[in-house]
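Visitor: For reference, the structure I am asking about is given below.
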Amino acid sequence: MKNCIENTKKTDKSFFQLICKSDEGNFNLRVGKIINSKGYELLTPSFIPVATNASIRALDSKKITELGIRGIFVNTYHMHLAPGEDYVEEAGGLHKFMNYQGVIFTDSGGFQAFSLGQAIVDGVGKIVSIFSKEGKRRNKNEEKFAEIKEDKIIFKSHLDGKIIELTPEKSIMIQQKLGSDILMVLDECTSPLSSYEYTKKAMERSKKWAKICLEYFKQTTKGDQFLYGIIQGGYHYDLRKDSAEFICSLDFDGIAIGGSLGTSKENIKEILSWVLPYIPENKPRHLLGIGSIQEIFTAVENGMDTFDCVIPTRYARTGTVFVKTPPSFVKDITAKYYNGYETKRYHKPVDENCNCYTCQNYTVSYLHHLFYVGEISAMTLLTIHNLNFYNNLLADIRKSIIEGRYLEFKKNFFQI
């Protein structure tokens, strides 16, 4: 079909509407809309920036809203450590606490079990762009801050050393008190270097936890929050299939794909092709922890609605900006040269065609100076630019899908 075909199917709770879908290029392209209980709308596909501590670093909520960002991802584990879910609940929930008008996702704490646990030993990350097939195994005796048990995760707080136990029920309870719109079940994110046997054991544990989370959620929900199940299984077809069949058979409001996504970017497409047939068409789909430009296109082409990552904001804080220059799409304003000129004498914006506040008001030479002298405003200005770049990219992708010209848009974007 050349043009996007309208589709009005909704979930039972009607918080997700599949507006249209297209098989242009034999892809699974779709455009949809998530509407939370407060009436805030999030068009999909959409990139969801990470606001770990209820804040996108270097920006306040007003600026986030002005950038057109309608969805953010807050970290349950870190919010539990400080200030604590009870204080956020007293303040009226995350929306009022941080003065944000949009859709708020919270994770379960499962990823922190990996990042503060086995990731320390293996020296790897979940995001496929930052680890190799060989990995970087470290000393097995190196201290971990998280340990997986059969019925819970035990954390040692990196703030004060306090021992924290996180069960499936407690994870949901914390997220409910935080007042997010979309909650995630507690799961175990395995290392890309984990064996098949351990990955299978972790997947079975995640299935058990998912069921406990759902049962607890149904008993305690007030009807204004939505729960996603998470498909696990690493880079193993039979495990992903098993997990997908089980998670999608349960009454979740949406489905997320988590865990290790293989040992190369190419593996993402393969894993998504394994699980996509089992995910109901009328439920929203979230891909956890991806965010490079190439990964976004892969996610969109394989029917994903939302995806979160720290890449654009973390890059901004190190002086890396996103520009429409393939194949890397990034430039370093802290480097000696920019676009072939000495950076401190490049008196033009990061991107002359960019409509963001930073590019409309500041030059690379000035931004370079701010980073050189350590001014905090440098991080703010670059974060604005990078998030604007991502937001515009996803808006253009949605428009191209609706108008039936996605392939043309992709070709022009990558200058193929």
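Visitor: Inspect segment 83-90 for any residue being in contact with a strand residue (DSSP E or B) (Cβ under 8 Å, 6 or more places away or on another chain) and in contact (Cβ under 8 Å) with a residue 12 or more places away in the chain and give the result as yes or no.
Guide: Within segment 83-90 (the criterion being in contact with a strand residue (DSSP E or B) (Cβ under 8 Å, 6 or more places away or on another chain) and in contact (Cβ under 8 Å) with a residue 12 or more places away in the chain), the answer is no, since none of the residues qualifies.
Visitor: Another question about this same structure. Could you identify the single residue in Ser400, Ser365 that is in contact with an Asp or Glu (Cβ under 8 Å, 6 or more places away or on another chain), open to solvent by less than 20 Å² (accessible area, probe 1.4 Å), among the polar types (S, T, N, Q) and more than 21 Å from Pro49 (Cα to Cα)?
Guide: Ser400
Visitor: Of the residues Lys269, Lys336, Lys265, only one is of a type outside the set (A, V, I, L, M, F, W, C) and more than 24 Å from Lys410 (Cβ to Cβ); which?
Guide: Working: Lys269 fails: more than 24 Å from Lys410 (Cβ to Cβ); Lys265 fails: more than 24 Å from Lys410 (Cβ to Cβ).
None of the others qualify; the one that does is Lys336.
Visitor: Being touching a strand residue (DSSP E or B) at 6+ places or on another chain (Cβ under 9 Å) and either modelled with pLDDT under 95 or open to solvent by 10 Å² or more (accessible area, probe 1.4 Å) (or both) is the requirement here; does Gly374 meet it?
Guide: Spelling it out, it is not the case that Gly374 is touching a strand residue (DSSP E or B) at 6+ places or on another chain (Cβ under 9 Å) and either modelled with pLDDT under 95 or open to solvent by 10 Å² or more (accessible area, probe 1.4 Å) (or both).
Visitor: Against the conditions (1) closer than 19 Å to Glu301 by Cα; (2) under 18 Å from the mean Cα position of the chain (by Cα); (3) of a type outside the set (Gly, Ala, Ser), where does Phe226 fall short? Just the number, please.
Guide: With (1) closer than 19 Å to Glu301 by Cα; (2) under 18 Å from the mean Cα position of the chain (by Cα); (3) of a type outside the set (Gly, Ala, Ser) applied to Phe226, the lone miss is (1).
Visitor: Between Tyr216, Tyr235, which is open to solvent by 10 Å² or more (accessible area, probe 1.4 Å) and over 19 Å from Met173 (Cα atoms)?
Guide: None of the others qualify; the one that does is Tyr235.
Visitor: For Ser191, are the conditions met, namely being small (Gly, Ala, Ser), closer than 15 Å to Gly109 by Cβ and either within 24 Å of the chain's Cα centre (by Cα) or at pLDDT below 95 (or both)?
Guide: So Ser191 does not fit the description; no.
Visitor: I'd like to check which strands (runs of 3 or more DSSP E) are fully inside segment 239-332 and have at least 2 residues that are at pLDDT 95 or above, open to solvent by less than 10 Å² (accessible area, probe 1.4 Å) and under 20 Å from Leu43 (Cα atoms).
Guide: 254-257, 285-287, 306-309
Visitor: Next up: Exactly one condition in (1) modelled with pLDDT under 95; (2) under 18 Å from the mean Cα position of the chain (by Cα) is false for Gln118; which is it?
Guide: Answer for Gln118: the failing condition is (2).
Visitor: What is the number of the single condition among (1) surrounded by 14 or more Cβ atoms within 10 Å (Cβ to Cβ); (2) more than 21 Å from the chain's Cα centre (by Cα); (3) in a helix (DSSP H, G or I) that Pro83 does not meet?
Guide: Condition (3) is where Pro83 drops out.
Visitor: Go through segment 340-349 and give me each residue that's touching a helix residue (DSSP H, G or I) at 6+ places or on another chain (Cβ under 8 Å) and either at positive phi or open to solvent by 10 Å² or more (accessible area, probe 1.4 Å) (or both).
Guide: If the condition is that a residue be touching a helix residue (DSSP H, G or I) at 6+ places or on another chain (Cβ under 8 Å) and either at positive phi or open to solvent by 10 Å² or more (accessible area, probe 1.4 Å) (or both), then Lys344, Arg345, Tyr346, His347, Lys348, Pro349 are the ones that fit.
Visitor: Here is a further query. Note down all Cβ pairs under 8 Å where the first residue falls in segment 341-357 and is free of Cβ contacts under 8 Å to residues at least 12 places away in the same chain, the second is loosely packed, with under 11 Cβ neighbours inside 10 Å, and they're at least six residues apart or on different chains.
Guide: These pairs meet every condition: Glu342/Lys336.
Visitor: Do you know which residues across segment 351-360 are in a loop (DSSP other than H, G, I, E, B) and open to solvent by 10 Å² or more (accessible area, probe 1.4 Å)?
Guide: Those that are in a loop (DSSP other than H, G, I, E, B) and open to solvent by 10 Å² or more (accessible area, probe 1.4 Å): Asp351, Glu352, Asn353, Cys354, Asn355.
Visitor: Please work out if Asp23 is closer than 26 Å to Glu403 by Cβ, surrounded by fewer than 19 Cβ atoms within 10 Å (Cβ to Cβ) and modelled with pLDDT of 95 or more. Step through it out loud before you land on a result.
Guide: Values: closer than 26 Å to Glu403 by Cβ: yes; surrounded by fewer than 19 Cβ atoms within 10 Å (Cβ to Cβ): yes; modelled with pLDDT of 95 or more: yes.
Answer is yes for this residue.
Visitor: Here's something else I'd like to know. Out of Thr363, Thr358, Thr343, Thr380, which single residue is of a type in the set (Val, Ile, Thr) and touching a strand residue (DSSP E or B) at 6+ places or on another chain (Cβ under 7 Å)?
Guide: That would be Thr343, the only listed residue that is of a type in the set (Val, Ile, Thr) and touching a strand residue (DSSP E or B) at 6+ places or on another chain (Cβ under 7 Å).
The values are calculated or read from the model by the stated rules, or taken from the named source; none is laboratory data. Not measured: the values here are computed from a predicted model. Neighbour counts are summed over all protein chains in view; Cβ atoms, including those assigned to glycine, are modelled from backbone coordinates with ideal geometry. Heavy atoms of the whole protein, side chains included, go into the accessibility calculation; ligands, DNA and RNA do not. Shrake-Rupley method; radii C 1.70, N 1.55, O 1.52, S 1.80 Å.
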